[in-house]
């Protein structure tokens, strides 16, 4: 261990270690472990993960053949770290949970090389956020109490990553989440960087982390930071390179710079596959799959989606599927195209995603389809039942009381029992939608009726979403997409006097977009032929 204190690079350290390893008489001894574990540590952090795994497996076999079960268990414990760097989260957790059964005295001795900080991140990736934070807290406290400052740097680094990812996913899901904890732990990692025995290596790591986090935490212009990141990327090892590129993927996606997000995803995959480190590259495949699906590149989308789902399933990378808006389209594409059906069903169950079974057009003639491809229309029993469905869809999350339903749809009725009339039509509506495979379609809560939208998609949702994006970006592509969605007057064919305000609003948006495209065409310079 003392040999490690006076070396400045992993290469120098490994040279000294190799000299010591060559002099070992008994490779299955505790002395051999104390030297070889340092080599494994070096290989992990210098992104030579395949070599680390090969040596660890060789030592496990050597110890088993020599009958030294104790030292064999020590090497098996450190597989937790090696599997983590390789991106194998399920295997990392398996090795960690097995190692917890080692005697307390052995764990105290082995604790100089932490595995808990890596297991904490692995738990997060398999979707067990509470266990992740529990293991992280326990391990950081242990490292503080034992004064293990080198491992504390890595611990704080992983803590920053864990809290950043939690906040990022929550924010993407519309929650009011703060990056405060991520910033706190990143500052601590930065503070502890000079205490690391490979200070030059760690200071470069700290610099890259500082630059990438500045893209997320600061509101200042980031072009200069992005340029500096790419200038320094060639000096980063495989794991750091993948991590930085993954952060850039997220950054470019949030500012809607999709070409650069795709570029970073491709670079991340190249770096990770070369180094045998697939945590971040697996996520990059997800970004590429989403892009291919959005661009309707069907064959490429199928290949990328299959690769992405297989990597996530094999390695236990589930957490990002909680970002429903981002990854539901991937699951939907896989479901509709029969890609890895068992894995797809498993991921859907984990994310709580149920594929849409009904698609409803409200712009133009009100039409209910049994499928998103709009090949088979669903017959709704009566005109009033159709209007009831349209009214409840229009009411959205506010729902409607029976009195509101009556005033909107049956205000001219001579029936003596309006409540019964509404109840009968609600039953008809439920039965009709059940024919499309929707078990729960109408919900009554606090005397208000709601349409359950879990398996229903509506054109107006996409229209509103695209219009909001158009207001931010004002691009011709978005304008033309809006025109393609507007097939006519809102709820055309239904009297629906209650829909007058929305009819006017959507028509005004249509006119606005037509005017925008007209002005765009008028302003374009005329091309003169040679």
Multiply the residue separation of residue 61 and residue 412 by 0.36 nm, subtract the distance between their alpha-carbon atoms, and state the gained length in nm to one decimal. 117.9 nm
From fewest to most C-beta neighbours within 10 Å, the residues 330, 442, 100 line up as 100, 442, 330
Which ordering of 180, 151, 412 is given by a fewest-first count of other beta-carbon atoms within 10 Å? 412, 180, 151
Reported to two decimal places, what Rg/Rh ratio describes region 138-237 when computed on Cα atoms with Rh from the Kirkwood expression? 1.01
Taking Cα atoms only, helix 476-485 is inclined relative to the longest principal axis of the chain by an angle, in degrees rounded to 10, of 50
Can you sort 29, 13 by how many other beta carbons sit within 10 Å, fewest first? 29, 13
So how tilted is helix 69-86 from the main axis of the chain? Cα-based, degrees 0 to 90, rounded to 10. 40
Length-normalised contact order of the chain in % [C-alpha pairs under 8 Å, at least 6 apart]: 9
C-alpha center-to-center spacing [region 199-269, region 440-498] in angstrom: 37
Grab the beta carbon distance between residue 173 and residue 515, set R0 = 41 Å, and tell me the FRET efficiency rounded to 0.05. 0.70
How many angstrom separate the Cα center of region 68-131 from the Cα center of region 297-319? 27
Counting only C-alpha contacts under 8 Å and six or more residues apart, can you give the relative contact order of region 251-303 as a whole percent? 26
By its C-alpha gyration tensor, with a ≥ b ≥ c as the square roots of the eigenvalues, how is the chain shaped: rounded for a/c under 1.5, else prolate for a/b larger than b/c, else oblate? prolate
For region 361-425, convex hull of alpha carbons as volume per residue, Å³: 103
On the formula 1/(1 + (r/R0)^6), with r taken between the Cβ atoms of residue 257 and residue 144 and R0 of 30 Å, the FRET efficiency rounded to 0.05 is 0.15
If you average the sequence gap of Cα pairs under 8 Å that are 6 or more apart and divide by the length of region 1-110, what percent do you get for the contact order? 19
In Å and on Cα atoms, what radius of gyration and Dmax does region 356-530 show? 19.2, 79
Over all Cα pairs of region 1-110, how is the pair count split among 5 Å bins, expressed in % and running from 0 up to the last occupied bin? 2, 12, 22, 24, 22, 13, 5, 0
Quick one: helix 129-146 against the long Cα principal axis of the chain, what's the angle to the nearest 10°, folded into 0 to 90? 30
Once you order the gyration tensor axes a ≥ b ≥ c over the Cα atoms, which shape class does region 252-304 get: rounded for a/c under 1.5, otherwise prolate or oblate by comparing a/b with b/c? oblate
Kindly provide the helix-only [θ] at 222 nm of the chain, computed as the sum of -39,500 (n - 2.57) over DSSP H runs of four or more divided by all residues, to the nearest 500 deg cm²/dmol? -22000 deg cm²/dmol
Just the projected area, averaged over all directions, of the convex hull on the alpha carbon atoms of region 312-401: how many nm²? 7.8
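Values quoted throughout were computed directly from the atomic coordinates according to the rules given, and no laboratory measurement underlies them. Just so we're clear, the structure is a prediction, and the values are computed from it rather than from any experiment. Positions of Cβ are generated from backbone atoms using ideal geometry, with glycine treated the same way; all protein chains shown enter the neighbour counts.
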